[in-house]
1. Mind checking which pairs have a first residue in the range 212-233 that is free of Cβ contacts under 8 Å to residues at least 24 places away in the same chain and a second that is exposed (fewer than 14 other Cβ atoms within 10 Å of the Cβ) and of a type in the set (A, V, I, L, M, F, W, C), Cβ under 7 Å, 6 or more apart or different chains?
2. Residues in the range 65-72: is at least one within 21 Å of L241 (Cβ to Cβ) and either in contact (Cβ under 8 Å) with a residue 40 or more places away in the chain or assigned by TED's automatic domain parsing to the domain that holds L165 (or both)?
3. Working carefully through the options E230, E225, find the one that is out of contact with any Phe, Trp or Tyr (no Cβ under 9 Å at 6 or more places or on another chain) and either β-branched (V, I, T) or not in a strand (DSSP E or B) (or both).
4. Can you pull out the residues in the range 173-203 that are modelled with pLDDT of 95 or more, in a loop (DSSP other than H, G, I, E, B) and more than 17 Å from P150 (Cβ to Cβ)?
5. Go through the residues of the range 276-283 one by one and say whether even a single one is surrounded by fewer than 17 Cβ atoms within 10 Å (Cβ to Cβ) and modelled with pLDDT under 90.
6. Going through the range 267-303 one residue at a time, which ones are on the phi < 0 side of the Ramachandran plot, out of contact with any Cys (no Cβ under 9 Å at 6 or more places or on another chain) and assigned to a loop (DSSP other than H, G, I, E, B)?
7. So is Q254 under 25 Å from V98 (Cα atoms), part of a loop (DSSP other than H, G, I, E, B) and at pLDDT below 95 or not?
8. In the list I302, I287, which residue meets the criterion of being closer than 27 Å to V68 by Cβ, surrounded by fewer than 14 Cβ atoms within 10 Å (Cβ to Cβ) and not hydroxyl-bearing (S, T, Y)?
Amino acid sequence: MNEADAEIYDVVIIGGGPAGASAAIYTARADLRTLVIDKGLTAGALGITSKISNYPGVPGTVSGAELVGIMRQQAESFGATFTTERVVGVDINANPRVVMGGTRTFQTRAIILATGSMGRTSTVPGEEKLLGRGVSYCATCDGAFFRNRPVAVVGGNDEALEETLFLSKFASHITLIVPTPEMKAQPHVRDEVIAHPAIDVRTGTRLKAVEGDKQVTGVRVQSRESKEDEVIPVEGVFVFLQGARPITDYLMGQLETTDDGCLKVDRQMQTSVPGIFAVGDLLCSHIKQAVIAASDGVIAAIAADRYIHGRKQIKTDWS
């Protein structure tokens, strides 16, 4: 069982990219108790972007992670709280609503969904068959089951590296399989992973298959340089790869989606369930630009304030 957070929040925002962070600025500024649950600065599309030069009000060139960091600092200055956690489920019909993380459970009056569209559209051979039998997508949920056992982690962003460090408390040895030539994570996280004696980093390496019959016995990988396959013996594999599909698995089918997997909302970014809002790349009609995602977040934040206070119309705010 997850540890329960005793506080009931006014708003829980799932996702800390430009949409989620902008929503947090406005909800916190409206004196709403605001919690943002996020998987890391480089877990989203903006966070892994190396150069941004067209964001209004930010002259020059900054990295996506720097821009998201500025937004988060502004939200925190108004009282918003950010926590690093993987959301594994929500109960949108409970009162208050429940958001389930890998290690904690949160209660809230309203939810803003801002998880983006970097979900995977395909799996590798053996992955689905061995899900729950060595294959996992949440180290904080399942890491303790692999005490003193060798495991692999697949991915190279903040989320993957943070989960790798969490696993180092339990696993005897960890092979970190990074598909790109370099890890796309914050320097201090990357340095901690590299320095850890129990972690072997394999950059430029692609996961081709998960091996095993009834349980995971290894992972088949291929180096970009040698082009040769290699099977690494492990008893567990934690996959943190990214794709281009809206991330809605944690909703467990509780909200209607389009054929493309996007959420449907009204003009105030509210879903079919009152008090549940969706913004940014979760919307099919969305133009994938950070400034537009941010505007979605602001609309949802103002609408959430209206919902919580029982107002029929959105309160006008010119500042």
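The values are calculated or read from the model by the stated rules, or taken from the named source; none is laboratory data. Just so we're clear, the structure is a prediction, and the values are computed from it rather than from any experiment. Glycine gets a Cβ as well: all are built from the backbone with ideal geometry, and neighbour counts include every protein chain shown.
1. The qualifying pairs are G218/V231; R220/V231.
2. yes
3. When all the criteria are applied, what remains is E225.
4. V178, T203
5. no
6. At the first step, the residues of the range 267-303 found to be on the phi < 0 side of the Ramachandran plot are 267-268, 270-274, 276-279, 281-303.
Those still in the list that are out of contact with any Cys (no Cβ under 9 Å at 6 or more places or on another chain) too: 267-268, 270-274, 276-277, 279, 287-303.
Passing the criteria: R267, Q268, T271, S272, V273, P274, V279, I287, K288, Q289.
7. The answer is yes for Q254.
8. It is I287.
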